[in-house]
1. Once the Cα gyration tensor of the protein assembly as shown is found, what semi-axes does its equivalent ellipsoid get, as square roots of 5 times the eigenvalues, in whole Å, sorted largest first?
2. Given axes a ≥ b ≥ c from the Cα gyration tensor, I'd like to know whether the stretch A:359-474 is rounded (a/c under 1.5), prolate (a/b larger than b/c) or oblate.
3. Could you derive backbone 3J(HN,Hα) for the stretch B:58-63 from the dihedral phi with the Karplus parameters 6.51, -1.76 and 1.60 (θ = phi - 60°), listing whole Hz in sequence and x where the residue is Gly or Pro?
4. For the stretch B:259-422, what relative contact order do you get, as a whole percent, if you take Cα pairs closer than 8 Å and at least 6 residues apart?
5. In what order do B:315, A:141 fall by count of nearby beta-carbon atoms within 10 Å, going from fewest to most?
6. Quick one: net charge of residue A:337's neighbours, Cβ under 14 Å, K/R +1, D/E -1?
7. Can you give the FRET efficiency to the nearest 0.05 for residue B:389 and residue B:142, using r as the Cβ-Cβ distance and R₀ = 22 Å?
8. How well do other chains shield peptide B:393-400, expressed as the mean number of their Cβ atoms within 10 Å of each residue Cβ?
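Bear in mind these aren't lab numbers, they're just calculated from the coordinates by the rules spelled out. In this text, all values refer to a predicted model and were calculated from it rather than measured experimentally. Ideal geometry is used to build each Cβ from the backbone, glycine not excepted, and the neighbour counts take in all protein chains shown.
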2 protein chains.
Amino acid sequence: MDNILRIDMGAPGGPKATMEPVGAYAGLGGRGLTSVLVSKEVDPLCHPLSAANKLVMSPGLLTGTAATTSGRISVGCKSPLTGGIKESNAGGQAGQVMARLGYAAVILEGKPLNDDLHVILINKDGVHFSVDNSLRMLGNYATVDKLRVQYGEKVAYMTIGQAGEMKLGAASIACTDRELHPTRHCGRGGPGAVMGAKGVKAIILDEAGTTLRAAKDPVAFKAAGKVFADGIKKHAVSGQALPAYGTNVLTNILNEAGGYPTNNFKTGQFAGASKISGEAQAALEVKRGGSATHGCHRGCIIQCSGIFNDEHGNYVTKQPEYETVWSHGGHCGIDDLDVIARLDRLDDDFGLDTIETGVAIGVAMEGGLLPFGDGAGAIRVLEEVGKGTPLGRIIGSGAGIVGKCFGVERVPVVKNQALPAYDPRAVKGIGVTYATSTMGADHTAGYAIATNILKVGGFVDPLKTEGQVDLSRNLQIATAAVDATGMCLFIAFPVLDQPETFQSLVDLLNAFYGLSLTGDSVVALGKTILSAERDFNTRAGFTAVDDRLPRFFEQEPVAPHQVTFEIKGEELDKLYNW
Amino acid sequence: MDNILRIDMGAPGGPKATMEPVGAYAGLGGRGLTSVLVSKEVDPLCHPLSAANKLVMSPGLLTGTAATTSGRISVGCKSPLTGGIKESNAGGQAGQVMARLGYAAVILEGKPLNDDLHVILINKDGVHFSVDNSLRMLGNYATVDKLRVQYGEKVAYMTIGQAGEMKLGAASIACTDRELHPTRHCGRGGPGAVMGAKGVKAIILDEAGTTLRAAKDPVAFKAAGKVFADGIKKHAVSGQALPAYGTNVLTNILNEAGGYPTNNFKTGQFAGASKISGEAQAALEVKRGGSATHGCHRGCIIQCSGIFNDEHGNYVTKQPEYETVWSHGGHCGIDDLDVIARLDRLDDDFGLDTIETGVAIGVAMEGGLLPFGDGAGAIRVLEEVGKGTPLGRIIGSGAGIVGKCFGVERVPVVKNQALPAYDPRAVKGIGVTYATSTMGADHTAGYAIATNILKVGGFVDPLKTEGQVDLSRNLQIATAAVDATGMCLFIAFPVLDQPETFQSLVDLLNAFYGLSLTGDSVVALGKTILSAERDFNTRAGFTAVDDRLPRFFEQEPVAPHQVTFEIKGEELDKLYNW
C-alpha cells in the first residue's frame, strides 16, 4: 500500500490514471486516509456532484494481511446527503484486493465529459478503462452478473445501482462478497451518488498475481494475530451472539430495553419484534436451507452474516442486518421477515443505504403515502427507485427529502442523515453520538449501545444523562482509529472488554509496520481523524446547531420509559473538548 | 393598529383568539414587526411546520391610510424553504383591511389537533372560526369562488392552495386583489406551508364598519401625501415605464445588458426575449381586451399590473411579473406568452411562488425531466402539483429539492431559495444581495438592478466588483425600512432619485404618528430589522458559508460578457459591518 492511484474522469480524451507515492498520507489507511485527504484536498463549499469532489477509496492499515476480520474498505467524499465530510465502510472482498494491489487509496476525481458509463479494471498490470452503456440503469445484481461473464469470478466488484446513476442522496456503493453477491455496501451518506457523478458504474479489482501483504516482523505479527483471534472467539458477543444470530440479535434486546424505535419513533417497543428477531431469522434461514452463520469476506472469524432464502429455498439476500430489519421492520410497523428480506434485496440491488431508505419509507408513512405496517406497499414504493420514477427519486433521496416532499414535521435525521435503530431518548449515549458525529446520525461512529445496553466496556445507565458525553467521546475516538485499521467494528467488543485483545491489535500494527505504537498512539490517531473531519465540516458551514437532535426528541416522551432526550446543547458541545 | 391578535390553533377545544396591546412591538409594522417578533418569539431550532413556529401577518406602518401605494402586507415565520427567518410581502387588499381593523399583526400559533381545514373570519366584531373540509385540495381560485358565495365580494381573502395544504417549500399565501382574484402572493420561502401546518385554509378580512386610519396631523399628512404622489408620477420608472409595461419592461433591458439568465443560467441572453418582453405582453393584453395598466389594490397610482386574457378574450391571469415571465420563460427556454400566462395562473391557483417554481422546472429540465423550451411539458409538470403527485411534490418543494431528486449540480439557490431573474455574474450588485440577504436569494431585498442597470440612485458599473457591497448594504437597509412602511417597493425609484420624495415619505410617517423621524431614523429602523433577522439566522445555524453563491457562478463564465462572480467571500462578509 505504498501508492495512491488517482483517476481523473474529466481528463481530455477520457479517463486518465496517475500513480503517485502515498507521501504525506503514509501511516494512514481506511477512514484515516479518506478523511484526512478529503479534508485537505476537497473544497468544502463545492457541490458534492461537481468536479471538485473526490471519491476516495482506501483499505485499512491491516487490510490485505493475514490478520483476521481486517477486510474493510473505506470510501470518503463530501457527502451529497449531509453536505459534510463522509466516510462509509464496508466488508466484502474489495478492500483486501485493493490492498494487495498495493494501493493505499484509489481516488476518482474530476467530472466526465459526457454521460457514458465507465468500467474501470484495476489489476497488477495497471488500470484499464472501458465504456459500457449497456449497464445503464441495471441493478447491482444484474450489473455483476453481466460483468462476471467478462471479468470472471475471481475478482472483486464495486458497483452502483440505479440510485447511484441517478445521483441520489441515499445511494451506496456495493462491494461483492465471496459469492459475488453485491451485498456489502458503503451505504451511508450517498457515496454512490458521487461515483455516479464521476460516471463510473463499476470498478473491478483483480488480485491475480499478488500475495498477502507481508509484515515487517512476521513472527510477532503471527503471534499477535493469534492472541487477537482468540480474544474475538472468547468474547460472548463476537464469539457467540454474532455468529449465531448476527446483528439482529439486538432486536429482542433493544425492544426489551424500550429503545426500539417503532412507527417512526413514536414508541420504544414493537409488538411484532419477536417475529423479526435474530432468533426467528436464524431459525427461518436454517429451515429454508440458507445459513445463519456466514462471513462477508475471506479471513473473517466472526461470521455474523447468513443467507436468507425464500420459502422455496432460493437465495433472496444475505442475512439482513439488525439496522435493516429495524428500518424496514419496526420503524415501518412491519413484522414480516420475508417482506424485510425482499426490501433488503431491493436496497442492495438499487444501491441504497438500508437505514436511510427504511427510515425514508417510514417518514413517507407518517406523511400519509401509505399506512404503517403495509409491507406490500413498502415493496411497491421501494420498487419505484429502480424504475427512476419521481416517487422513487424522493425515497432514494433519503428521509430528509421525504419529509420535505410530504410535509412531515417528525423527521428523524441529524445533518440530514437518518437515525439508526436505537431511540436516543431511551439510550442516551447513542443520542450523543447521533447528535455530534461528524457523519450525521450514525450508530457506528460511537456505538454507545455497547456500554449502555450490552454492558461492554463497563456500564453507563442508558436512561441517565450523566456520563454519556464522555462515553460517546471515547467511543468516537476509538472508532475512528479502528476504522483506520480496516478491522471490522465488531472487534470492539473484545477490545473494549479484554485488555490483552486491545494490546494484540496494537501489536499487530507494530509488527506489521515496524512501529512502536501504544494505546495513546491509537487515541491520538482517532483524534487526528475526528479533527480533520470536524474541520472540514466547520469550513462547510456546520455549527453547534448541526450537533443537535431534532426538537421532537426533546419534547415528546417515548414509551415505555416516558423519557425525552434532555442532554443539553452545552453538554453536547463538550464532546470535542480534548 | 394598536392591537395584536394571537390565534392559537392548538388550543384545547379548537382555535382560540386573544387580543393584546401591541406593547413592545409599537412603532413597528410590516417586515419590521414580523421580523422582530419572529426573532424574539420563535425557537430558531424548531421545525418550521411545528407548533413552535408562528405565522405573523402584519400590515405596514402606513397601510390602511390615505397614503398612496401603501397597501402591502408582510408575512413572517421561520421558513420551511430556507430554515432561516422569512418575510414575504404582497399587495392586494388584505393589508389595508387588516390595518383598518386595527391589527398591527395577526399571528397564527400552535398546531391544530387534527387535520380539519379552518376558515377564519376577522371583522370589526372579532374573530369567528369555522371548519370547512369541502375546501380540501381546492386551488386558490376555486377556494375564493366558493367562499365569496358565503362571505361576499366586499372582503379580502388570504388563502392557500394545494401546495400550502401539502406544506411544500414553495407554497405561497394568496391575497385577493380588487376583483377578488387570488393573484397577490406572499410567495417566497414557503409561508403557505406554515399556514397549511396551522390548518388554516382561508382568512377572511372584512372591513365593514371601519374607516381609513386617521393621521395625528391630517393637514401635514395630506400635504406630504401630495408631494409623495407627485414624486411617484414624475419619475420615469414609476410614472411611465411601470404603468405602461409593468415590471416586464425589464426583459428587453436585462437581455440587452447580458444579464438575463437563460436555460438555467447557462447564458445571459435569450433569443426569444423580445417575444416575451413587456412591450409584447402589453400589446397582446390590449389586443385581447385585457389591460396593460392595473392596480393590485385600492389607492395605487403606479398601476404596474394588467389583465392577461386568452385569445378568446377570457381572463387567464393578472399580468405576469417580470420575474415570473423570466422564471417560466427565459430560464426554461420558453418564449410563448400564452404558456407563461398559463403557468402563472397555475402557480397562483396552486399557491406557489412563481420564482421558485419556474426555477424548479428549469432545474428539472437540466436534470433531464424534459427539454428546455418545452412549454407544453412545463404546463404538464406544473399541473402535477395540483394533483399532489410525487412529481408535483418535488416541483412544489422548490429548486433545491428538484436538484437533489434529479441529481443536478447547477442549482441556482442561496440558502436553498431560488435566484431571481438577474444573472449575478453580469449584474454583480444583485449578486451581493442574493448572497448576503437574510432571506436567501431575493432581488427585492436590495434591488441593485436600480443602480447597476437603471441608473437610479446613481450608477455602479454592473460588471465591476468595486462598490457593489456598499451598494447592496445601503439598499438592503433602505429596503427593510420601506418594507416596514407598507409601501410598495416601487416607490424606491423616485425615493432614491428625488430627495423631496424621500423627505415626503418621512413626513408621511411623522404626520401620521406625530413623530419627528429623520433620514437617519429610517436607516436605523432598517438596521434594526436586518439585525433581528440576522440574529435569528445565526441562532438557526447560518454562517458566512450561507452567504455565498453556488460555486458554479464563480467558475463558469457567462456570455456575452464572459464574466464570473468574483467578489470574494471576505468582501461579502463586510456587508453587515455597521
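1. Numbers: eigenvalues 612, 187, 141 Å².
Semi-axes from the Cα gyration tensor: 55, 31, 27 Å.
2. Details: a/c = 2.69, a/b = 2.39, b/c = 1.13.
Prolate is the answer for the stretch A:359-474, as a/c is 1.5 or above and a/b outweighs b/c.
3. Calculated HN-Hα couplings, in order: 9, x, x, 4, 9, 5 Hz.
4. On the way: 306 pairs, mean separation 33.0, N = 164.
Worked out over the stretch B:259-422, it gives 20 percent.
5. Values: B:315 15, A:141 20.
Neighbour counts put them in this order, fewest first: B:315, A:141.
6. On the way: positive: A:275, A:287, A:288, A:318, A:342, A:345; negative: A:279, A:285, A:310, A:311, A:321, A:335, A:336, A:338, A:344.
Charge balance in the 14 Å sphere: -3.
7. Details: r = 19 Å, r/R0 = 0.85.
For R0 = 22 Å, the calculated efficiency reads 0.75.
8. Working: counts 11, 8, 2, 3, 6, 1, 0, 2.
Whole-number average of other-chain Cβ neighbours for B:393-400 is 4.
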